[in-house]
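Undergrad: First, the structure itself, so that you have it in front of you.
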């Protein structure tokens, strides 16, 4: 949004006011989410996603189907 890459040139563009309001709202929500999910002193358990879980997560987050079958382990 800030760099002008979104929305794509062939789609309806936001006015300067709409873009400013959208980015301010997004920023506020990200700060709130960070505060909610920040380290509370408890143990944080992280685990790796398998290929199916990773592909589903990418699809759910950005709406793009990705093929992870070709990814090789390093």
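Rule-based calculations on the coordinates, nothing more; no lab input. Computed from a predicted model, the values in this text were never measured in an experiment.
Undergrad: Taking the chain as the reference, fit the longest principal axis to its C-alpha atoms, fit the long axis of helix 51-62 to the helix C-alpha atoms, and give the angle between the two in degrees, 0 to 90, nearest 10.
TA: 10 degrees
Undergrad: Given the Cα-Cα distance of residue 51 and residue 18 and 0.36 nm per residue of separation, how much length would full extension add, in nm?
TA: Gain on stretching residue 51 to residue 18: 8.1 nm.
Undergrad: Rounded if a/c is under 1.5, else prolate if a/b is larger than b/c, else oblate: which is the chain, with a ≥ b ≥ c the root eigenvalues of its Cα gyration tensor?
TA: Oblate is the answer for the chain, as a/c is 1.5 or above yet b/c matches or exceeds a/b.
Undergrad: If the chain between residue 44 and residue 61 were fully stretched, how many nm would it gain, using 0.36 nm times the residue separation less the Cα-Cα distance?
TA: Gain on extension, residue 44 to residue 61, equals 3.9 nm.
Undergrad: Something else now. What is the gain in length, in nm to one decimal, between residue 5 and residue 30 on full extension, counting 0.36 nm per residue of separation less the C-alpha to C-alpha distance?
TA: 7.0 nm
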